[in-house]
Amino acid sequence: MAEMRRFDLVIVGGGPAGMAAAVSARENGLESILILERDSELGGILNQCIHNGFGLHTFKEELTGPEYAERYADKVRELGIPYETGAMVLDIAEDKTVTVLSAAHGVEQIAAKSVILAMGCRERPRGALNIAGFRPQGVYTAGTAQKLVNCEGVSVGKEVVILGSGDIGLIMARRMTLEGAHVAAVVELMPYSSGLKRNIVQCLDDYGIPLMLSHTVVDIKGKERLEGVTVAAVDNTNTPIAGTEQYFPCDTLLLSCGLIPENELSKNCGIALDPRTNGAVVDSRLETSIEGVFACGNVLHVHDLVDFVSQEASTAGAEAAFYVKNGRTPDETIDVTVGNCVRYTVPSRIHITEPFPDAHIRFRVTGVFRNTSIIVRSGEAEIFRKKNRILVPSEMLDIVIKGDKLKGLSGEINVSLEEEV
Amino acid sequence: MAETRILTCINCPMGCELTVGVEDGKVVSVSGNTCKRGELYAESEITAPTRTITTTVITAEGRPVPVKTAQPIPKGMIFECTAAIKSAEVHLPVKVGQVIIDDLLGTGAKVTATKSVSE
């Protein structure tokens with residue numbers, strides 16, 4: 001039997017996170033790297049996100065998804081980083097043996113000194129939403145419809161209702177309209193949209209598409225092909241209110257009801273997951289509970305900006321390179337805990353080590369808050385404060401704690417929101 | 001007549017809320033923006049709103065290729081511009097940045113491919 005292939009770093013996933021992690025690991029001196037991608041090309045979800053608005057932070061210009069992906073893919077190729085497409089990782093063992101299935105190598109086991117998890121996320125499917133009614137054709141997740149329209153050139157439907165106001169749903173409302181369909185409404189269970197404000201303006205308002213907040217789909221009609229959906233208002237416990245039902249005839253229902261990090265491999269590997277993010281529990285080096293296994297991008301926590309994914313992945317790549325060269329360093333860590341109005345933080349632990357690098361804390365808030373301050377405290381001492389006019393759950397926040405503020409801390413730090421007086 | 005308009009800047013995902021002072025159809029003040037783009041957006045949104053279109057063109061070989069208007073076009077022309085882009089004739093291979101239409105319906109905007117597609 002042939003000798004097992006060995007790499008210093010195996011990256012699972014060749015989307016924006018995997019590519020940025022690979023580039024950064026190489027720039028930090030790591031030679032032996034392999035990217036494994038299950039699709040037929042690098043780029044991941046960006047390939048189907050043909051709209052613009054990507055890359056303002058990273059490239060200082062406004063790019064479409066495919067352009068952003070191609071820039072990173074070009075970098076990967078320029079740096080000569082090997083990648084294999086059509087390669088599906090089946091298992092990651094605790095000793096970092098990666099089992100991969102591909103047409104080129106069959107089922108193969110690869111030995112890795114370090115692994116970066118960059119598998120991204122997937123959409124919450126209809127089965128997880130408990131909508132009553134039949135299972136006719138014409139019900140898609142928004143991302144599936146996006147792939148069909150943008151990558152396969154297939155027409156999905158003519159009369160459309162969208163459930164959920166996540167960004168992909170909003171983007172698809174505009175996309176379907178430009179493709180000649182009529183979008184009757186975007187229906188959102190919550191009293192606020194889970195998508196970005198700019199998308200409500202340029203994808204719904206521009207085309208006169210109504211956004212029905214605090215409403216949901218209560219019935220799906222049609223046996224073979226979708227015939228229509230019934231929409232009702234909900235009360236503050238999200239229970240449909242009798243008598244508010246409205247029927248929309250339609251041949252297409254798109255679901256944009258949230259994204260879930262794809263962590264089956266992480267679970268099988270025994271990596272500790274955070275129930276708040278459905279991603280791995282990581283420290284400030286983005287290292288998971290298993291030594292030498294790092295996570296970044298949407299598999300760690302769902303992002304709204306690819307620029308933040310690239311940044312985060314770049315940290316993971318650099319830390320993996322450092323780990324391969326130095327092994328695990330024994331140093332102090334402090335816990336990051338959540339206070340008032342903060343749903344989660346990534347990381348949940350920060351290393352306190354020379355030379356005290358600045359620490360990013362990324363998090364989301366639990367509701368819509370006006371005129372508040374983000375405050376980070378260590379015991380009674382305040383180590384960070386920032387005022388905000390408005391904070392919403394749909395926008396991930398990224399604060400940077402200066403390294404010198406972390407010097408000498410122990411125990412925990414707490415992130416919370418406080419009203420400005 | 002002075003009036004105040006509230007706009008959401010659509011230049012980037014920050015989505016800054018802009019408070020725009022308008023007098024006689026002209027922008028006299030902008031606040032709430034976090035960069036220069038916000039000011040420019042308010043100016044054009046009040047006087048002559050524009051949008052960038054992104055869509056796909058199906059090549060002669062039957063493959064969809066994503067494209068964009070390299071410059072924004074008047075908001076009122078979105079549908080006719082999209083139709084004109086759709087009817088463009090394109091052959092593989094296509095390189096990212098390749099010009100698909102030189103001047104889209106006299107708007108002066110180029111349409112360019114946003115992905116390299118070889119087969």
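The values are calculated or read from the model by the stated rules, or taken from the named source; none is laboratory data. A quick note: this is a predicted structure, and the numbers were derived from the prediction, not measured. Glycine gets a Cβ as well: all are built from the backbone with ideal geometry, and neighbour counts include every protein chain shown.
Brief remarks follow.
- Leading residue by the ranking (nearest to B:V90 (Cα to Cα)) among those in the stretch B:16-62 that are crowded, with 20+ Cβ neighbours inside 10 Å and facing chain A (nearest Cβ under 8 Å): B:T56
- Checking B:T55 against (1) in a strand (DSSP E or B); (2) touching a Cys at 6+ places or on another chain (Cβ under 8 Å), the condition it does not meet: (2)
- Residue match in the stretch B:66-87 (condition: over 30 Å from B:V22 (Cβ atoms), surrounded by fewer than 14 Cβ atoms within 10 Å (Cβ to Cβ) and in contact (Cβ under 8 Å) with a residue 24 or more places away in the chain): no
- Whichever residue in the stretch A:184-208 is within 13 Å of A:L163 (Cα to Cα) and within 14 Å of chain B (Cβ to nearest Cβ) and, among such residues, is farthest from the chain's Cα centre (by Cα): A:S193
- Filtering the stretch A:261-290 to residues that are touching a helix residue (DSSP H, G or I) at 6+ places or on another chain (Cβ under 8 Å) and at negative phi leaves A:P261, A:E262, A:N263, A:S266, A:L273, A:G279, A:A280, A:R285, A:E287, A:T288, A:I290.
- Pair list, Cβ < 8 Å and 6+ apart or interchain, from the stretch A:122-134 residues that are more than 25 Å from A:H303 (Cα to Cα) to residues that are loosely packed, with under 14 Cβ neighbours inside 10 Å: A:F134/A:K223
- Options A:G120, A:G80, A:G180: the member that is at positive phi and touching a helix residue (DSSP H, G or I) at 6+ places or on another chain (Cβ under 6 Å): A:G120
- Within the stretch A:299-311, residues that are at the interface with another protein chain (Cβ under 10 Å from one of its Cβ atoms) sit with their Cβ atoms under 7 Å from residues that are of a type in the set (D, E, K, R) and part of a loop (DSSP other than H, G, I, E, B), at 6+ positions apart or across chains, in these pairs: A:D304/A:E395.
- Restricting the stretch A:165-183 to residues that are in a loop (DSSP other than H, G, I, E, B) and crowded, with 24+ Cβ neighbours inside 10 Å, the residue that is farthest from the chain's Cα centre (by Cα) is A:S165.
- Of everything listed in (1) part of a helix (DSSP H, G or I); (2) out of contact with any helix residue (DSSP H, G or I) (no Cβ under 8 Å at 6 or more places or on another chain); (3) closer than 24 Å to B:I53 by Cα, the single unmet condition for A:A69 is (2).
- Residue in the stretch A:191-226 that is modelled with the highest pLDDT, counting only those that are part of a loop (DSSP other than H, G, I, E, B) and closer than 22 Å to A:I390 by Cβ: A:S214
- Filtering the stretch A:14-54 to residues that are touching a Lys or Arg at 6+ places or on another chain (Cβ under 8 Å) and on the phi > 0 side of the Ramachandran plot leaves A:G29, A:G53.
- Of residues in the stretch A:377-402 being assigned to a loop (DSSP other than H, G, I, E, B) and in contact with a Leu (Cβ under 8 Å, 6 or more places away or on another chain), the one modelled with the lowest pLDDT: A:S394
- Test for A:I260: is it under 30 Å from A:G13 (Cβ atoms), aliphatic (A, V, I, L, M), away from chain B (no Cβ under 14 Å) and surrounded by fewer than 23 Cβ atoms within 10 Å (Cβ to Cβ): yes
- Test: residue in the stretch B:71-83 that is assigned to a strand (DSSP E or B), more than 14 Å from the chain's Cα centre (by Cα) and outside the structural domain of B:V27 (by TED's automatic domain parsing): no
- Among the numbered conditions (1) part of a loop (DSSP other than H, G, I, E, B); (2) assigned by TED's automatic domain parsing to the domain that holds B:C9; (3) not acidic (D, E), the only one that B:H91 does not meet is (2).
- Complete set of residues in the stretch A:92-105 that are farther than 20 Å from A:A22 by Cα and modelled with pLDDT of 95 or more: A:A93, A:E94, A:D95, A:L101, A:S102
- For the stretch A:44-59, the set of residues classified as more than 10 Å from chain B (Cβ to nearest Cβ) and over 17 Å from the mean Cα position of the chain (by Cα) consists of A:T58, A:F59, listed by residue number.
- Matching residues in the stretch A:280-303 - criterion: being more than 23 Å from A:I352 (Cβ to Cβ), of a type outside the set (S, T, N, Q) and in contact with a strand residue (DSSP E or B) (Cβ under 6 Å, 6 or more places away or on another chain): A:V299, A:V302
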